[in-house]
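Taking it in order: structure first as structure tokens, then the write-up.
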């Protein structure tokens, strides 16, 4: 069974396709809504440097190969701001889950 077919049989109210390059890869054509988890570019740079242990020039090269923050936000149906603390993120996730469940009932 293909991956997409398995997603349809999960029994969940909705499923998330997690793809860091959703728009760049064209996978946004597979989804009914797109969600961007957003941070300012300075935070993205700092977190990538800490997480991946790569040079700043490598991070800039990675970012240059992606859509700009502005382009991603313009394409997004929904946005979660990931620049705050865990509690802030959790509140946004709960609100978005409620919204997605409501959309299913409309």
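Helix-derived [θ] at 222 nm for the chain: sum -39500 (n - 2.57) over DSSP H runs of at least 4, divide by residue count, nearest 500?
Working: 6 runs with 58 residues, N = 106.
My calculation for the chain gives -16000 deg cm²/dmol from helical runs alone.
Estimated at 0.36 nm per residue, the fully extended path between residue 31 and residue 90 surpasses their Cα-Cα distance by 18.9 nm.
Could you order the peptides 30-36, 69-75 from most to least packed, using the average number of other C-beta atoms within 10 Å per residue?
On the way: 30-36: 14.6, 69-75: 12.7.
Per-residue Cβ counts within 10 Å, averaged per peptide and sorted highest first, yield 30-36, 69-75.
For 43, 59, the sequence from fewest to most other C-beta atoms within 10 Å is 43, 59.
Residues 62, 80, ranked from the fewest to the most other C-beta atoms within 10 Å, line up as 62, 80.
Shape verdict for region 17-104, please, from the Cα gyration tensor: rounded (a/c under 1.5), prolate (a/b greater than b/c) or oblate. Oblate is the answer for region 17-104, as a/c is 1.5 or above yet b/c matches or exceeds a/b. Net length available on complete extension from residue 100 to residue 51 is 14.6 nm, with 0.36 nm assigned per residue and the Cα-Cα distance removed. Is region 48-89 best put as rounded, prolate or oblate by its Cα gyration tensor, with a ≥ b ≥ c the root eigenvalues, rounded for a/c under 1.5, and otherwise prolate when a/b is larger than b/c, oblate when not? Since a/c reaches 1.5 but b/c is at least a/b, the shape of region 48-89 is classed as oblate. Each residue in 14, 100 was given a count of other beta-carbon atoms within 10 angstrom of its own, and listing them fewest first yields 14, 100.
A short reminder: the numbers here are calculations on the coordinates, not readings from a lab. Note that the structure is a prediction, hence the values are computed from the model and not measured. Every residue, glycine among them, receives a Cβ derived from its backbone with ideal geometry; neighbour counts consider all protein chains shown.
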